[in-house]
Amino acid sequence: SNSNFVLELDFEPFNASFPRPSMSKSIGNGVQFLNRHLSSKLFQDKESLYPLLNFLKAHNYKGTTMMLNDRIQSLRGLQSSLRKAEEYLLSVPQDTPYSEFNHRFQELDLEKGWGDTAKRVLDTLHLLLDLLEAPDPANLEKFLGTIPMMFNVVILSPHGYFAQSNVLGYPDTGGQVVYILDQVRALENEMLLRIKQQGLDITPKILIVTRLLPDAAGTTCGQRLEKVIGTEHTDIIRVPFRNENGILRKWISRFDVWPYLETYTEDVSSEIMKEMQAKPDLIIGNYSDGNLVATLLAHKLGVTQCTIAHALEKTKYPNSDIYLDKFDSQYHFSCQFTADLIAMNHIDFIITSTFQE
């Protein structure tokens with residue numbers, strides 16, 4: 001095939017030994033379930049902790065090393081550095097900023113990212129020391145939550161008129177626009193807070209990726225880049241659909257977007273790399289078309305993917321299976337259901353809001 005995206009079927013997950021939640025009370029507690037499983041595998045013996053050590057050593061942002069540098073070669077060496085750091089931190093005031101003991105930490109082969117004050121750094125050190133001594137799922141979850149990893153986020157919503165004014169009531173718009181604009185404001189505030197608490201001076205970036213509509217008069221949908229009101233580091237970036245005949249200038253229904261999405265993914269990939277000057281740390285998809293683009297993009301760039309399953313097409317159209325032959329040429333349900341299946345089986349985690357979803 002000459003295509004950049006070839007469908008690959010991997011049947012191994014159906015036989016995977018990974019445990020699955022079987023009780024309804026597990027719904028909403030996926031993180032705890034995963035951490036119980038992960039901690040049981042990580043801590044079978046001391047050797048099992050080396051993946052964690054290697055991850056902390058390899059962790060960096062745009063070439064800036066975080067957490068540990070590569071002079072720490074063993075778990076014994078890590079524990080020794082942590083104990084010396086603990087002893088030092090107990091001798092200084094708890095509100096001492098990290099910048100005042102940065103050099104001391106580097107002498108101990110520890111880098112930025114542990115926290116912004118002596119107290120927060122000490123809390124993080126204690127979490128890791130506890131894990132090395134007596135593994136526990138709750139501590140593992142807390143420790144992983146303190147590691148700085150989210151700086152660049154991409155949120156995909158390709159169809160519809162996506163703008164901050166004059167679009168409500170237009171086709172394929174509505175609640176999705178309001179939902180995502182609220183989401184990015186909350187997400188930016190959370191990212192800024194965590195980055196500050198981690199003692200870093202990194203500027204985060206969030207991009208909402210949607211479709212450019214050159215002929216969308218009276219709206220900003222023909223504008224490539226638009227700052228999101230109420231944010232400092234979040235933009236809407238619009239990329240046009242195109243085919244061999246050039247750019248598609250007018251709106252088309254979300255039921256008809258499927259032939260454009262692979263080319264669109266390639267164009268989006270180059271646009272976000274140009275805008276961020278880095279790969280995103282997380283890609284979030286919305287709706288069937290956005291989830292498919294997110295899947296292709298995450299696979300191409302090798303980054304973590306999340307799907308928000310707030311509109312699975314099959315649950316919205318309960319008779320679509322029975323009348324597939326009758327309606328498929330108009331609504332392309334087969335494309336939608338296949339896109340949902342591909343996305344749901346590829347992603348790293350799913351966020352849902354109802355039991356049905």
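The values are calculated or read from the model by the stated rules, or taken from the named source; none is laboratory data. These numbers were taken from a predicted model, which means no experiment stands behind them. Here Cβ is always computed from backbone atoms with ideal geometry, including for glycine, and neighbour counts include all displayed protein chains. We work out accessible area using only protein heavy atoms, side chains counted, and drop any ligands, DNA or RNA first. Shrake-Rupley method; radii C 1.70, N 1.55, O 1.52, S 1.80 Å.
General remarks:
- Scanning segment 222-258 for residues that are open to solvent by less than 30 Å² (accessible area, probe 1.4 Å) and under 16 Å from Ile180 (Cα atoms) returns Glu226, Val228, Thr231, Thr234, Asp235, Ile236, Ile237, Arg238.
- For segment 181-211, taking the residues that are more than 16 Å from the chain's Cα centre (by Cα) and more than 30 Å from Asn102 (Cβ to Cβ), the one that is most open to solvent (accessible area, probe 1.4 Å) is identified as Asp182.
- Taken together, the residues in segment 46-73 that are open to solvent by less than 20 Å² (accessible area, probe 1.4 Å), closer than 24 Å to Tyr98 by Cα and not polar (S, T, N, Q) amount to 7.
- Gly285 being within 30 Å of Tyr61 (Cβ to Cβ), open to solvent by 40 Å² or more (accessible area, probe 1.4 Å) and in contact with a helix residue (DSSP H, G or I) (Cβ under 6 Å, 6 or more places away or on another chain): no
- Matching residues, segment 284-330, being touching a Lys or Arg at 6+ places or on another chain (Cβ under 9 Å) and not in a helix (DSSP H, G or I): Gly302, Val303, Ser320, Asp321
- The number of residues in segment 74-97 that are assigned to a helix (DSSP H, G or I), under 18 Å from His59 (Cβ atoms) and open to solvent by 10 Å² or more (accessible area, probe 1.4 Å) comes to 3.
- Looking only at segment 239-277, residues that are over 22 Å from the mean Cα position of the chain (by Cα) and hydrophobic (A, V, I, L, M, F, W, C) come to 8 in all.
Condition check ((1) of a type in the set (Ser, Thr, Tyr); (2) at pLDDT 95 or above; (3) not assigned by the TED database to the domain that holds Arg224) across all residues:
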position	(1), (2), (3)
Ser253	yes, no, no
Tyr260	yes, yes, no
Glu271	no, yes, no
Glu275	no, yes, no
Pro280	no, yes, no
Ser288	yes, no, no
Val293	no, yes, no
Gln305	no, yes, no
Ala309	no, no, no
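- For segment 104-114, the tally of residues that are surrounded by fewer than 21 Cβ atoms within 10 Å (Cβ to Cβ), assigned to a loop (DSSP other than H, G, I, E, B) and not hydrophobic (A, V, I, L, M, F, W, C) stands at 2.
Every residue, every condition in (1) in contact (Cβ under 8 Å) with a residue 24 or more places away in the chain; (2) under 24 Å from Ser288 (Cβ atoms); (3) open to solvent by 20 Å² or more (accessible area, probe 1.4 Å); (4) in contact with a helix residue (DSSP H, G or I) (Cβ under 9 Å, 6 or more places away or on another chain), yes or no:
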residue: Asn102; (1), (2), (3), (4): no, no, yes, no
residue: Thr124; (1), (2), (3), (4): no, no, no, yes
residue: Leu132; (1), (2), (3), (4): yes, no, no, yes
residue: Thr146; (1), (2), (3), (4): yes, no, yes, yes
residue: Met149; (1), (2), (3), (4): yes, no, yes, no
residue: Tyr161; (1), (2), (3), (4): yes, yes, yes, yes
residue: Asp172; (1), (2), (3), (4): yes, yes, yes, yes
residue: Gln176; (1), (2), (3), (4): yes, yes, no, yes
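- Just one of the numbered conditions (1) open to solvent by 60 Å² or more (accessible area, probe 1.4 Å); (2) among the polar types (S, T, N, Q); (3) closer than 14 Å to His346 by Cα is not true of Ser270: (3).
- For segment 325-333, the criterion of being in contact with a Gly (Cβ under 9 Å, 6 or more places away or on another chain) and either without any contact (Cβ under 8 Å) to a residue 60 or more places away in the chain or of a type outside the set (Phe, Trp, Tyr) (or both) is met by no residue.
- Verdict on Lys57 being in contact (Cβ under 8 Å) with a residue 12 or more places away in the chain, touching a Gly at 6+ places or on another chain (Cβ under 7 Å) and under 27 Å from Pro137 (Cα atoms): no
- Residue, farthest from Leu132 (Cα to Cα), within segment 18-39, restricted to residues that are open to solvent by 60 Å² or more (accessible area, probe 1.4 Å) and touching a residue at least 60 places away in the same chain (Cβ under 8 Å): Ser24
- Segment 171-180, subset modelled with pLDDT of 90 or more and closer than 20 Å to Arg224 by Cβ, residue farthest from the chain's Cα centre (by Cα): Val177
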